[in-house]
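**Student:** Below are the structure tokens for one structure; questions will follow.
The values are calculated or read from the model by the stated rules, or taken from the named source; none is laboratory data. This is a predicted model, so every value here is computed, not measured. Here Cβ is always computed from backbone atoms with ideal geometry, including for glycine, and neighbour counts include all displayed protein chains.
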Amino acid sequence: MRRKELFFWLTLTCGIVIVAYILLPLVELMTSSSIPALWESIHDKEVVRSIRLSVFSAGSAALISFLFGTPLAYLLARQDFRGKRLLEGIIDLPIVIPHPVVGIAILGISGKNHWIGRLLFDLGIRIMGSVTGIIVALTFVGIPFYIHSAKAGFMAVSPRLEKVSRSLGASMTGTFLRITFPLAWRSMLIGIIMCSARAISEFGAVVVIAYHPMTAPVLIYERFEAYGLKYSQPVAVWLVIVSLFLFLFLRILTTREAREK
Amino acid sequence: MIRTEELNIRLLDFSLRNVNLSVQENEFFVLMGPTGAGKTVILEAIAGLIQVDGGRIFIGEREITGQPSEKRGVGIVYQDHALFPHLDVMGNITYGLRYHGIEEKKGQTRLNELTQLLGIRHLLTRLPIHLSGGEKQRVALARALIVRPHVLLLDEPLSAIDPGFREEIRAAIKTLHQTTQTTFLMVTHDFGEALSLADRGAIIQQGEIAQTGAIQDLFHRPASMAVAEFVGMKNIFEARFENGAAHVGSLRVELGSPVNPGHRYLAIRPEDITIRRNSSPPERSNCFHAVVTSVAGQGFAYEVQLKCGELAVKTMVSKRAIVDLELREGATVFISIDTAAIHTF
């Protein structure tokens, strides 16, 4: 057998170190809680409520991203216009801004000192300490992931297919529904999952906007602060399970997409 | 049938200027020109797939300039087929039926007719990914024609097809044109395709129409140096015209017909020059002594370059002629030019 070069051993070692670095804490976490402790925590109303709130608000953020992000993603995939790069940069901003800053920024415009805040107040919409506020924060941090993925999906659909569809008599909407959507839906779904996964793990922005009602990450933090590591671990395990479920779904979808291509 | 008036289109790195085209009803018209000349842009403008910056487009008497693509009755077939990958052949072909209010029974009849004509009946349940290039193009043609468009635009429909199948598709296109009422407008850069399919054509160079006319005239009677070079008129010489003859350097070439006073050039297609190997010049006009300077294979034909006086002349001959006439560098021959093949501009 040919002797492996030093470079091979170097890459192998680095790889093992990184995999261990990611897996060890997670395996430790997943095995830290006994089954009874997990059983008990899933019957804890507070825990269930927080996980349900996390899933609901992350799902809502993904839905909002889907509704508002899809037309924008399509525009970015199809049109070249002045200021496009700037617009793409703006969409990416939530990824680079520190999360507590996101929370503070949102509160800045939703307070009574700002006209938007006053308008929301008049409409009876409250941001601070509300589920609405949580969804606003999660949409803010999650939407770039949806737009990126949907845009890539639209770009992979040749504009010629749409042109041919139009020439055959289909309207713009008909073309989107019969050609573009069936060919790009998987990327859109991947975007929705990425957006939800990002949203469900958000802590910094949420804790600033709404400590209560508690999302799962905030509850984990609170239990850790108040009662210590042992008490926060079972809740963390459940959150990891929910996230892993999303992750698994994403992997199945992306591998199938790669195979089809 | 199709008429464009002063069509102007500005794209990021390209512009189309004052394009005036006129295609007759049920005609087969080709647009030719070098890559990047704007041929596809014209097609997409007629189909309403790109924005026009100025000018008007008519189909029949109806102005369609501002109309959305789906209302124009213009079909388009691209060189890469652009079949919908998620629909099977049947789904692709029948895609447009519902937008034209065509009843199911009528649609079925048309589907049968077209698939029969194009020989794709056995493919109806296949997905495009499992079709060959030729099959894909037949499906694309059927899909465009099933809705009976007024005009069918073909964007280099044969260029992405294996050479062996090109002939078949070319024949299919010809049959479709003859059996339907549709006007065909095709973009191509293949002269053989243009000559075998089209009635008339236009040559586009750098975003402008350089010449329009009967297809034979485009190749044999180019109106400018640029068109002459594009259509492969390899022998173009500056000439002085006097008393029914052209003086090219020291040669005197007899002309068959009077020359327009403004003409300055004489042009002859390489295949219109005949090489002879007689020992003495035959008693006929336009026969000149020449020396072979090079013989180069070009696929199935050979290009023979000769020195005739101070002129460099190019001819195309068959392999057989190379052997029979013993054409090799340095050989002395006679070349003769038929007066009917001489073009001036």
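**Student:** Scan the stretch A:207-214 and give yes if some residue there is surrounded by 22 or more Cβ atoms within 10 Å (Cβ to Cβ), within 14 Å of chain B (Cβ to nearest Cβ), touching a residue at least 12 places away in the same chain (Cβ under 8 Å) and more than 15 Å from the chain's Cα centre (by Cα), otherwise no.
**Tutor:** The answer is no; no qualifying residue exists.
**Student:** Follow-up. Please verify whether the stretch B:79-88 includes one or more residues that are under 30 Å from B:Glu229 (Cβ atoms) and either more than 14 Å from chain A (Cβ to nearest Cβ) or modelled with pLDDT under 95 (or both).
**Tutor:** Within the stretch B:79-88 (the criterion being under 30 Å from B:Glu229 (Cβ atoms) and either more than 14 Å from chain A (Cβ to nearest Cβ) or modelled with pLDDT under 95 (or both)), the answer is yes, since at least one residue qualifies.
**Student:** A follow-up question, please. Return the only residue of B:Arg264, B:Arg277, B:Arg240 being of a type in the set (Lys, Arg) and within 16 Å of B:Ser224 (Cβ to Cβ).
**Tutor:** Answer to the selection: B:Arg264.
**Student:** Filter the stretch A:154-187 down to the residues that are among the β-branched types (Val, Ile, Thr) and crowded, with 19+ Cβ neighbours inside 10 Å, then identify the one that is farthest from A:Thr254 (Cα to Cα).
**Tutor:** By that ranking, first place goes to A:Val164.
**Student:** Given (1) buried (at least 18 other Cβ atoms within 10 Å of the Cβ); (2) within 14 Å of chain A (Cβ to nearest Cβ), identify the lone condition not met by B:Leu131.
**Tutor:** (2)
**Student:** So, one more: Search the stretch B:240-263 for residues that are in the same structural domain as B:Glu310 (by TED's automatic domain parsing) and pair each with any residue that is part of a loop (DSSP other than H, G, I, E, B) and among the aromatic types (Phe, Trp, Tyr) when their beta-carbon atoms are under 7 Å apart and the residues are at least 6 apart or on different chains.
**Tutor:** B:His263/B:Phe345
**Student:** Also: Would you mention how many residues in the stretch B:5-36 are in contact with an Asp or Glu (Cβ under 9 Å, 6 or more places away or on another chain), outside any strand (DSSP E or B) and at pLDDT below 90?
**Tutor:** 1
**Student:** Filter the stretch B:62-78 down to residues that are at the interface with chain A (Cβ under 7 Å from one of its Cβ atoms) and not in a helix (DSSP H, G or I) and give me whichever is nearest to the chain's Cα centre (by Cα).
**Tutor:** The extreme case among them is B:Tyr78.
**Student:** Let me ask something else about it. Before we move on, is B:Thr40 more than 10 Å from chain A (Cβ to nearest Cβ), among the β-branched types (Val, Ile, Thr) and closer than 26 Å to A:Ala184 by Cβ?
**Tutor:** So B:Thr40 fits the description; yes.
**Student:** Do you know which residues across the stretch A:220-261 are β-branched (Val, Ile, Thr) and surrounded by 12 or more Cβ atoms within 10 Å (Cβ to Cβ)?
**Tutor:** A:Ile220, A:Val235, A:Val237, A:Val240, A:Ile241, A:Val242, A:Thr254
**Student:** How many of the residues making up the stretch B:37-56 are within 22 Å of A:Arg166 (Cβ to Cβ) and either of a type in the set (Val, Ile, Thr) or assigned to a loop (DSSP other than H, G, I, E, B) (or both)?
**Tutor:** The total comes to 11.
**Student:** Looking only at the stretch B:80-100, count how many residues are touching a Leu at 6+ places or on another chain (Cβ under 7 Å), among the aliphatic types (A, V, I, L, M) and closer than 19 Å to A:Ser171 by Cβ.
**Tutor:** Within the stretch B:80-100, residues that are touching a Leu at 6+ places or on another chain (Cβ under 7 Å), among the aliphatic types (A, V, I, L, M) and closer than 19 Å to A:Ser171 by Cβ number 1.
**Student:** Among strands (runs of 3 or more DSSP E) lying entirely in the stretch B:227-322, which contain 1 or more residues that are crowded, with 16+ Cβ neighbours inside 10 Å and of a type outside the set (Val, Ile, Thr)?
**Tutor:** B:235-238, B:240-242, B:245-248, B:251-254, B:265-268, B:287-298, B:301-308, B:311-318
**Student:** Quickly run through the stretch A:128-164 and pick out the residues that are within 14 Å of chain B (Cβ to nearest Cβ) and either under 27 Å from the mean Cα position of the chain (by Cα) or over 18 Å from A:Pro71 (Cβ atoms) (or both).
**Tutor:** Across the stretch A:128-164, the qualifying residues are A:Gly153, A:Ala156, A:Val157, A:Ser158, A:Arg160, A:Leu161, A:Lys163, A:Val164.
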